[in-house]
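Below is one structure; the comments refer to it alone.
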Amino acid sequence: MTTETASSYRIQGATGEWEVVIGLEVHAQITSNAKLFSGASTAFGAEPNTQVSLVDAAMPGMLPVLNKECIRQAVRTGLALGAEINRVSRFDRKNYFYADLPQGYQISQLYHPLVGEGSIPIEPDAKDGPGEAKLVGVERIHVEQDAGKLMHDQHPTRSYVDLNRSGVALMEIVSRPDMRSPAEAGAYLRKLRSILRYVGSCDGNMEQGSMRADVNVSVRRPGEPFGTRTETKNVNSVRFVMAAIEQEANRQVDVLEAGGRVVQETRLYDPDRGEGRSMRSKEDAHDYRYFPDPDLLPLELSEAFIAECEASLPELPDDKRARYEGPLGLPAYNAAVITADVETARWFEALLDATGKPETMAKAASNWLISDLFGALNRLGKGIGESPVSPAQGAELLNLVADGTLSGTLAKQVFEIMLETGDDPSKIVEERGLKQTSDTGAIEAIIAQVMEANADKVAEYRGGKDKLFGFFVGQTMKAMGGKANPAVVNELLKKALG
């Protein structure tokens, strides 16, 4: 059994409460057209073994040549996390044998990583409401090459090796063990992915394997020293990370309360069964026989290079959110939703620019985006990048509402037609006669008809039943096909009924 409030998460065992301690090691594929040490392509979805250079295949005599763009992207990521950029770093060889590792070692950075300490602010959602904002420390970011992939489902008795990923550049972003609940781990992972996408250093597509997490979990009595941790490897979604933490933490509590001890090991999580299983005993650094790679000189960064990396950074999600809530005056919820994803934020910026009045239209634009457009995209199963309505068309629709051409009801009708046809809203309004009317004479005539047909209700209203006013508004709007200006209808009705 677990208990979770806005500020704490506890597992209630038979002998008392247990606290969960969580750290994440996130492997993020660096956005680059070529691999870390070769010119082979990194495009996703290619046929097996069609993007493999002689370096990637570890042919004799082949030497690695460092890809500058990969280093640039890693430095930009570190700067976005407010982390220390190490002016001198070094590559090491991590020795182990596996069929998808042709060299027999991985080139990584153990002792002298490219990026040092930083932090990520998070706002987790607890089960009973928003959690407390907190800062999760980032211990380091080091750059390393990926291994290949074993394919087990191509033949009943054989496994095949695909080396397309061999040598692809990765950032390993190592957090401190600062998280205390699955909700905090989920918030951290979502925030990190958002920052990477804003920076453009990783696309964050966990389903394609370009971002995955190793999950370190231990349990302890509140206030006691850290317990023995396990590492669950290669979890590829935020939801699965949270589920794996809950499953593993409860398993460890069961072991400890039964009088056993938790063994430091590497584990796997099966999301279909909601189960974890042991993979191997956990290796220590000395088991990999790390030593400096003799083919690569120490990496030295100039101040000019770091300055260029910093100047290239975009406005980051927290800064953008503060601007939306401040100068633009958006509600906190709207600002948080829009800035969580860089593609949504860009779409919103284009929408605002197209209105020509970003300062005055921001709130209306954000409400329309979150309720109307998001609702339509969810029905269609599309993302914001696949929207059948462009930012310019959305801005035109908002302006037609703002200048009184369309009422809110008519605007929804026009929007549905836009989704179906792709036509501009002004064309739809003109061709289908959907323009809102503010003609007082026409509206007064309809009001007179409504009052004559409902003389009993007029008498009740004048006798004190004020709530009937909404009835008369509805009947008038219905009689005019929803095309009457609601503000004018309200004003004229008050006069007629008074």
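The values are calculated or read from the model by the stated rules, or taken from the named source; none is laboratory data. Note that this is a predicted model, so its numbers are computed, not measured. Positions of Cβ are generated from backbone atoms using ideal geometry, with glycine treated the same way; all protein chains shown enter the neighbour counts.
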Exercise for the section: Assess whether GLU132 counts as being among the charged types (D, E, K, R) and at pLDDT below 90. Expected result: yes
Handout entry: Cross-chain or 6+ apart pairs with Cβ under 7 Å, segment 471-491 first and within 16 Å of LEU434 (Cβ to Cβ), then of a type in the set (S, T, N, Q) and at pLDDT 80 or above
Key = GLY482/SER407; GLY482/THR409; ALA484/THR476; ASN485/SER407; PRO486/SER407
Problem - Restricting segment 206-236 to residues that are of a type in the set (A, V, I, L, M, F, W, C) and part of a strand (DSSP E or B), the residue that is farthest from GLY23 (Cα to Cα) - result: MET211
Exercise for the section: Please name all residue pairs, on different chains or six or more residues apart, with Cβ atoms under 9 Å, provided the first residue is in segment 8-20 and is over 18 Å from GLN247 (Cβ atoms) and the second residue is aliphatic (A, V, I, L, M) and assigned to a strand (DSSP E or B). Expected result: SER8/ALA126; GLU17/ILE11
Completion exercise
Of the residues in segment 274-290, those that are assigned to a helix (DSSP H, G or I) and either modelled with pLDDT of 80 or more or among the polar types (S, T, N, Q) (or both) come to ASP287, TYR288
Handout entry: Test set (1) modelled with pLDDT of 95 or more; (2) part of a loop (DSSP other than H, G, I, E, B) - PHE44 fails condition number
Key = (1)
Fill in the blank from the handout: Within segment 56-100, the count of residues that are among the hydrophobic types (A, V, I, L, M, F, W, C) and more than 20 Å from LEU196 (Cβ to Cβ) comes to 11
Exercise for the section: May I ask you to verify whether ARG158 is surrounded by fewer than 19 Cβ atoms within 10 Å (Cβ to Cβ), in contact (Cβ under 8 Å) with a residue 12 or more places away in the chain, more than 19 Å from LYS233 (Cα to Cα) and not β-branched (Val, Ile, Thr)? Expected result: no
Handout entry: Residue that is modelled with pLDDT of 95 or more and polar (S, T, N, Q), where the choices are SER407, SER366
Key = SER366
Fill in the blank from the handout: Checked pairs for segment 211-227, first outside the structural domain of SER278 (by TED's automatic domain parsing) and farther than 18 Å from LEU268 by Cβ, second of a type in the set (A, V, I, L, M) and modelled with pLDDT of 95 or more, C-beta under 8 Å and 6 or more apart or across chains, list as none
Exercise for the section: Tell me which residues, restricted to segment 181-226, are over 18 Å from the mean Cα position of the chain (by Cα) and crowded, with 20+ Cβ neighbours inside 10 Å. Expected result: SER181, VAL215, ASN216, VAL217, SER218, VAL219
Completion exercise
Exactly one of ALA364, ALA345 is hydrophobic (A, V, I, L, M, F, W, C) and more than 22 Å from VAL199 (Cβ to Cβ), and that residue is ALA364
Practice task
Just need a number here: residues in segment 325-345 that are touching a helix residue (DSSP H, G or I) at 6+ places or on another chain (Cβ under 8 Å), over 21 Å from ASP125 (Cβ atoms) and outside any helix (DSSP H, G or I).
Solution key: 3
Problem - Number of the condition not met by ALA362 [criteria: (1) more than 18 Å from the chain's Cα centre (by Cα); (2) surrounded by fewer than 16 Cβ atoms within 10 Å (Cβ to Cβ)] - result: (2)
Handout entry: helices (runs of 4 or more DSSP H) fully within segment 419-498 counting 3 or more residues that are within 52 Å of the chain's Cα centre (by Cα), assigned by TED's automatic domain parsing to the domain that holds LEU398 and surrounded by 15 or more Cβ atoms within 10 Å (Cβ to Cβ)
Key = 425-432
Handout entry: Residue in segment 2-11 that is basic (Lys, Arg), part of a strand (DSSP E or B) and at pLDDT below 95 present
Key = yes
Completion exercise
Every listed condition ((1) surrounded by fewer than 21 Cβ atoms within 10 Å (Cβ to Cβ); (2) modelled with pLDDT of 95 or more; (3) out of contact with any helix residue (DSSP H, G or I) (no Cβ under 9 Å at 6 or more places or on another chain); (4) assigned to a helix (DSSP H, G or I)) holds for GLU172 save (4)
Handout entry: From the options VAL65, VAL55, residue that is among the hydrophobic types (A, V, I, L, M, F, W, C), surrounded by 21 or more Cβ atoms within 10 Å (Cβ to Cβ) and assigned to a loop (DSSP other than H, G, I, E, B)
Key = VAL55
Completion exercise
Flagged pairs (Cβ under 8 angstrom, 6 or more apart or on separate chains; first in segment 340-368, outside the structural domain of TYR188 (by TED's automatic domain parsing); second charged (D, E, K, R) and assigned to a helix (DSSP H, G or I)) are ALA340/ARG190; ASP341/ARG197; VAL342/ARG197; GLU343/ARG197; ALA345/LYS320; ALA354/GLU396
Handout entry: strands (runs of 3 or more DSSP E) contained entirely in segment 78-152, each with at least 2 residues that are under 21 Å from GLU308 (Cβ atoms)
Key = 134-145
Completion exercise
Taking segment 229-273 and keeping residues modelled with pLDDT of 95 or more, over 24 Å from the mean Cα position of the chain (by Cα) and hydroxyl-bearing (Ser, Thr, Tyr) leaves THR230
